[in-house]
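The values are calculated or read from the model by the stated rules, or taken from the named source; none is laboratory data. Note that the structure is predicted; figures quoted are calculated from it, not measured. FYI the Cβ positions are ideal-geometry reconstructions off the backbone, even for glycines, and counts take in every protein chain you see.
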């Protein structure tokens, strides 16, 4: 074996060992033993879930259409009608770059695995949805952290990002609207980000799981529609109210897709034709499906803001500009893990401690569910936090 082959084998071995040692997914660990026991969920970053019957009624999907579906394998990249519908909404003329995935999580894992090598520098956000940082770290990358500061209400600071990008940067990984804070880039910041990445010649990984849910700014275009070295991700698990459908997508350069296909052949192979049929109809009627949920989210966001203003001694809330998750702080002295356990044990309310996102003084609070459920959950939070708070506690 020559030296080049030996070096390549060593790198492959290092990457394999690192993936085996990937950090536990803290959010999923938290949900695993609690999610199905909760009566009220104000933890999630998605919308109120549709039922199959509701979906069929909205989209006119007949039982005959479902009954006629053969359960054969789908194409590796997904069925053509669904890929075309995704491209039509997010990246017109680039349907050949679309891969249908099992939620966005599979796309993130496959794409990072296709691009990142041991020793690469990768810029990641903090706080962050863990897949967007831990996968790159497990692949052997050196993480350079773009901190969203609580003191600035998690507003993205582009000057801070500029100081992190170097000649060694392989990729910049972001998600806007941001999970868990709901922070957003304004249009000027969006264009500056794209210019920075293109000037560096690195990849942009753009997670747009909440791209359909924007309140104070203009929805941001998918950069994969115009950039060459961009991989973007979307999912029906968040804004669409369809997490159980397990359908997401990515839009990526052809060479990245080719490597993703090679990796996928060893894991999931393809997605379900039944799920793809439903997802195609959804993607052809996005506003019909998302519109009512978006209006509910707007109302719930106002309700959340009013509730926080009514409890200034208990909650410090940076108002989310997108998505349906907020990341409020609790007074000093309130153990947020104890708070979340107390809420579940005594009130049946599910909430996520900020430790899952590296901020133990905060909680992730979801407001995408039913309004009555949100109101009941917020009332329980106020009661439980009051019981745990010290009389002299402050932020």
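Listed here are the residues, each with its yes/no results for (1) assigned to a loop (DSSP other than H, G, I, E, B); (2) crowded, with 20+ Cβ neighbours inside 10 Å; (3) at pLDDT 95 or above.
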{"site": "364", "(1), (2), (3)": "no, yes, yes"}
{"site": "368", "(1), (2), (3)": "yes, yes, yes"}
{"site": "373", "(1), (2), (3)": "no, no, yes"}
{"site": "378", "(1), (2), (3)": "no, yes, yes"}
{"site": "381", "(1), (2), (3)": "no, yes, yes"}
{"site": "393", "(1), (2), (3)": "yes, no, no"}
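When residues of the range 297-347 are filtered for being under 25 Å from the mean Cα position of the chain (by Cα) and not in a helix (DSSP H, G or I), how many remain?
Selection size over the range 297-347: 16.
Restricting attention to the range 304-320, and to residues there that are in contact with a strand residue (DSSP E or B) (Cβ under 7 Å, 6 or more places away or on another chain) and buried (at least 23 other Cβ atoms within 10 Å of the Cβ), which single residue is farthest from residue 218 (Cα to Cα)?
Residue satisfying both the conditions and the ranking: 304.
Among the candidates 189, 119, 140, single out the residue that is in contact (Cβ under 8 Å) with a residue 60 or more places away in the chain, more than 16 Å from the chain's Cα centre (by Cα) and either at negative phi or not in a helix (DSSP H, G or I) (or both).
From the options 189, 119, 140, the qualifying one is 140.
Of 96, 106, which residue is at pLDDT 95 or above, surrounded by fewer than 23 Cβ atoms within 10 Å (Cβ to Cβ) and either in a helix (DSSP H, G or I) or outside the structural domain of residue 355 (by TED's automatic domain parsing) (or both)?
Within the list 96, 106, the selection yields 96.
Checking residue 130 against (1) modelled with pLDDT under 95; (2) more than 17 Å from residue 113 (Cα to Cα): exactly one of these is not met. Which one?
(2)
Quick check on my filter: what residues within the range 30-62 are surrounded by fewer than 12 Cβ atoms within 10 Å (Cβ to Cβ) and at negative phi?
Within the range 30-62, 32, 33, 36, 37, 51, 53, 57, 62 qualify.
Tell me the residue from 274, 220, 263 that is outside any strand (DSSP E or B), in the same structural domain as residue 205 (by TED's automatic domain parsing), under 13 Å from residue 110 (Cα atoms) and in contact with a helix residue (DSSP H, G or I) (Cβ under 8 Å, 6 or more places away or on another chain), please.
263
Pairs please, first residue from the range 144-159 and outside the structural domain of residue 185 (by TED's automatic domain parsing), second anywhere and crowded, with 17+ Cβ neighbours inside 10 Å, Cβ atoms under 6 Å, 6+ apart in sequence or on different chains.
none
Could you figure out which of (1) modelled with pLDDT of 95 or more; (2) within 22 Å of residue 273 (Cβ to Cβ) isn't true of residue 40?
(2)
Quick check on my filter: what residues within the range 168-186 are over 11 Å from the mean Cα position of the chain (by Cα) and outside any loop (DSSP other than H, G, I, E, B)?
Those that are over 11 Å from the mean Cα position of the chain (by Cα) and outside any loop (DSSP other than H, G, I, E, B): 169, 170, 171, 172, 173.
When you go through (1) more than 29 Å from residue 231 (Cα to Cα); (2) touching a residue at least 24 places away in the same chain (Cβ under 8 Å) one by one for residue 51, which number turns out not to apply?
(2)
Of all residues in the range 131-168, which are crowded, with 20+ Cβ neighbours inside 10 Å and either more than 20 Å from residue 231 (Cβ to Cβ) or in contact with a helix residue (DSSP H, G or I) (Cβ under 9 Å, 6 or more places away or on another chain) (or both)?
131, 132, 135, 136, 138, 139, 141, 146, 148, 154, 156, 161 - these are the residues of the range 131-168 that are crowded, with 20+ Cβ neighbours inside 10 Å and either more than 20 Å from residue 231 (Cβ to Cβ) or in contact with a helix residue (DSSP H, G or I) (Cβ under 9 Å, 6 or more places away or on another chain) (or both).
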